[in-house]
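The structure appears below as structure tokens.
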Amino acid sequence: MRSIPLTMVLVLTGCAALGGGQARDPDPAPAGWTANIRAVGGHGHSGFAIGTLTRTGETRVSVTMDGGSAGGVHPWYVHQGRCGEVGERVGSPQEYPSLKPNQRGDASATATIAVPLDPDDPYSVQIHQDEDPETLVGCGNLVRSW
């Protein structure tokens, strides 16, 4: 019977463990949350939001809206609590790029919030009026999607 030198076994075992030298993609993160954003008030905006947890412990939320006015600027944030409740904003305002509608009134933006959302707590996405940040023009409750 022919024997294989120990160094050859170690080399072959190491290559197999590395997957032939190719990097392996990490498992995907859980899906996260979704929200249907409904218009608030007579000139409200609607749309949807998708939130996911990142591997680094942050939360990424993307918002798409329609019904805006070209040239407008709409701040938006994730808040603790459901629509109609007054809840604290999650993260800092600098983490949220404003929604800026195009000529058709459509806009989208993505925020990476430095903290993870707690899966057991209620959250909402709130879109604010550009000239009056206290006035809501759209709101949607984030619902867990996993």
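The values are calculated or read from the model by the stated rules, or taken from the named source; none is laboratory data. Because the structure is a prediction, the values reported are computed rather than measured. Don't worry about glycine lacking a Cβ; one is built from the backbone with ideal geometry, like all the others, and counts go over all protein chains shown. Please note that ligands, DNA and RNA were not included when accessible areas were found on the heavy atoms of the full protein model with its side chains. Shrake-Rupley method; radii C 1.70, N 1.55, O 1.52, S 1.80 Å.
Can you work out the Karplus-derived ³J(HN,Hα) for every residue in the stretch 128-136? Use 6.51 cos²θ - 1.76 cosθ + 1.60 with θ = phi - 60°, whole Hz, and x for glycine or proline.
9, 5, 5, 7, 9, x, 7, 8, 7
Take every Cα-Cα pair in the stretch 40-119 and report what % of them are more than 18 Å apart.
45
Counting only residues 5 or more places away or on other chains, whose amide H sits under 5 Å from the amide H of I37 once H atoms are built in the peptide plane?
Amide H to amide H, under 5 Å and 5 or more residues apart or across chains, I37 pairs with G47, F48, A49.
Quantify, in whole percent, the carbon and sulfur part of the accessible surface of the stretch 80-146 (1.4 Å probe; protein heavy atoms only).
The C+S portion of the solvent-accessible surface of the stretch 80-146 is 45 percent.
Determine the gain in length on full extension of the stretch K100-V73; use 0.36 nm per residue of separation and subtract their C-alpha separation, reporting nm with one decimal.
Details: separation 27, 0.36 × 27 = 9.72 nm, distance 0.48 nm.
Result: 9.2 nm gained on full extension.
Charges only on Cβ, +1 for Lys and Arg, -1 for Asp and Glu: so what's the dipole of the stretch 23-145 about the Cα centre, in debye to the nearest 20?
Details: 9 positive and 15 negative charges, 70 e Å.
Its charge dipole is roughly 340 debye.
Would you pull out the residues with amide H under 5 Å of V73's amide H, same chain only if 5 or more places away, H placed 1.01 Å from N?
Amide H neighbours of V73, under 5 Å, 5+ apart: D130.
Extending each Cα 7 Å along its Cβ direction at S92 and T112, get the distance between those two points in nm, one decimal.
Once both label points are built, they end up 1.5 nm from each other.
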